[in-house]
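Chemist: Have a look at this one.
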Amino acid sequence: MKALIIGGTSAIGEGIARCLAAMKYRVDFTYHSNTEKAKSLGEALGDDHHSVRVDLSDVSEVSKFVASLNAASAPDVLINVAGITHDALSVGNIGADLARVAQINFLAPASICARVVELMMPRRCGSIINVTSIASKMPRVGNAAYGSTKAALERFTATLAIEVARYKVRTLCIAPGFVDTPMFHAFAGDRRKDIIKNLPLREILAVDDVVNSVAAFVGGKIKTTGTTLYLTNGQSVL
Ligand SMILES: NC(=O)c1ccc[n+]([C@@H]2O[C@H](COP(=O)([O-])OP(=O)(O)OC[C@H]3O[C@@H](n4cnc5c(N)ncnc54)[C@H](OP(=O)(O)O)[C@@H]3O)[C@@H](O)[C@H]2O)c1
C-alpha cells in the first residue's frame, strides 16, 4: 500500500508520514524549502520511498507534478497537508497575496486530488485527506485569505466525495484548531500564553491529535466521506 503526502516537511506532515510508515505504507512525499527535514524524514522512512521538491505556488510546477503521477505510482492514500497562513486585512490591493494563498492552499491540492482520484477510480478504493482549519468556519480579523481558501478546499472535497463515492474512494477534511507546530509559534509569538488562556479547553492540539485522526480514517475506524472533522480547542464552529 502506498501513501502520498503533499507537504511531508510540515510538522503535521512529518507526523503523518511516520505514522503511515508504521502502518506499513510505503510513504512518498513532497516538500518545498526544507531540504534538511526532507533528508532526515527520507532517511527515517528508509530506501523504499520517493520525495520530490514541488513549489505549490508555481502553477507550472504543480502541472508537471500532476502529469508525473501515473497508474504505477498512484497512491492508495493521498494527504494534502502543505499550507501557508497569511495574516492581513482585506483592504486595498490584496490581489497578488490572495492569489498566492489560494494557489498553495486550494488550487494546488484540488488539482492533485483530481488527478489522484482519477488513478484511484479504476482500483475501486482510495482515501483522500485534506488538512484544512477551523478558520474555514471562524472569521477572525486578518484571516480572510487563509480561512476562505480552507473553506474552498472543504467545499471542493465534499463535491469530489459524491462524484467518486460509487468507486469507493472516500474523502475527509481534517480541520484542526491551533496545533503546537512552528506555524502556530510564528502566529502566536509572545501572545502564546494569552491565546491559550482564551481557548475554552485552555490547551492546544498536539501533532499526534491530528495524526491519530488520519490513522483512524485511513484504517477504516472512521467511516464517512465528504465530511469535515473539526478538531477544536473548544471553539464553536457551528
Ligand atoms: N499549526 C496549526 O496551528 C494549524 C492549525 C490548523 C490547520 N493547520 C494546517 O495544517 C497544515 C500543516 O500545518 P503545520 O503547522 O504542520 O505547518 P508547517 O510546519 O508550517 O509546514 C508548512 C508546510 O507547507 C509547505 N509549504 C509552504 N509553502 C509551500 C510552497 N510554496 N510549496 C510547497 N509547499 C509549501 C512547507 O514545505 P517546506 O517546509 O519544505 O518549505 C511545509 O511542508 C497546513 O495546511 C495548515 O494550514 C495548521
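Laboratory data are not the source of any read-out in this text; all were calculated from the coordinates shown. Values in this document were obtained by computation on a predicted structure and should not be read as measured data. When we count neighbours, we look across all protein chains shown, and the Cβ atoms used for this are built from the backbone with ideal geometry, even at glycine.
Chemist: Name the single residue, out of those in region 42-61 being among the charged types (D, E, K, R) and closer than 15 Å to G8 by Cβ, that is surrounded by the most Cβ atoms within 10 Å (Cβ to Cβ).
Modeler: Quick first cut of region 42-61, residues among the charged types (D, E, K, R) only: 43, 47-48, 53, 55, 58, 61.
Next cut, closer than 15 Å to G8 by Cβ only: 43, 48, 53, 55.
Numbers: E43: 10, D48: 10, R53: 14, D55: 17.
Restricting to residues being among the charged types (D, E, K, R) and closer than 15 Å to G8 by Cβ, the top hit is D55.
Chemist: Just one of S111, S68, S63 is free of Cβ contacts under 8 Å to residues at least 24 places away in the same chain, within 16 Å of the ligand (Cβ to nearest atom) and not hydrophobic (A, V, I, L, M, F, W, C); which is it? Walk me through how you get there before you give the answer.
Modeler: Numbers: S111 fails: free of Cβ contacts under 8 Å to residues at least 24 places away in the same chain; S63 fails: free of Cβ contacts under 8 Å to residues at least 24 places away in the same chain.
Only one candidate passes the filter, namely S68.
Chemist: All but one of (1) within 11 Å of the ligand (Cβ to nearest atom); (2) in contact with a Leu (Cβ under 6 Å, 6 or more places away or on another chain); (3) not β-branched (V, I, T) hold for P75; which doesn't?
Modeler: (1)
Chemist: Same structure again: Within region 153-181, count every residue that is of a type in the set (A, V, I, L, M, F, W, C), over 22 Å from I196 (Cα atoms) and more than 13 Å from the chain's Cα centre (by Cα).
Modeler: As a first pass, look at region 153-181 and keep what is of a type in the set (A, V, I, L, M, F, W, C): 153, 156, 158, 160-162, 164-165, 169, 172-175, 178-179.
Cutting the leftovers down to over 22 Å from I196 (Cα atoms) gives us 153, 156, 158, 160-162, 164-165, 169, 172-173.
If we keep only those that are more than 13 Å from the chain's Cα centre (by Cα) as well, we get 156, 158, 160-162, 164-165, 169.
Final tally of qualifying residues: 8.
Chemist: Also, quick follow-up: May I ask you to verify whether T85 is in contact (Cβ under 8 Å) with a residue 12 or more places away in the chain, within 8 Å of the ligand (Cβ to nearest atom), closer than 26 Å to E154 by Cβ and in a loop (DSSP other than H, G, I, E, B)? Step through it out loud before you land on a result.
Modeler: Values: in contact (Cβ under 8 Å) with a residue 12 or more places away in the chain: yes; within 8 Å of the ligand (Cβ to nearest atom): yes; closer than 26 Å to E154 by Cβ: yes; in a loop (DSSP other than H, G, I, E, B): yes.
Considered against the rule, which asks whether it is in contact (Cβ under 8 Å) with a residue 12 or more places away in the chain, within 8 Å of the ligand (Cβ to nearest atom), closer than 26 Å to E154 by Cβ and in a loop (DSSP other than H, G, I, E, B), T85 comes out as yes.
Chemist: Could you tell me which of the residues A74, A21 is touching a residue at least 60 places away in the same chain (Cβ under 8 Å) and under 19 Å from the mean Cα position of the chain (by Cα)? If you could, list the steps in order and put the result at the bottom.
Modeler: Values: A21 fails: touching a residue at least 60 places away in the same chain (Cβ under 8 Å).
Testing whether each residue is touching a residue at least 60 places away in the same chain (Cβ under 8 Å) and under 19 Å from the mean Cα position of the chain (by Cα) leaves just A74.
Chemist: Give me a count of the residues in region 114-147 that are under 21 Å from G220 (Cα atoms) and within 15 Å of the ligand (Cβ to nearest atom).
Modeler: 5
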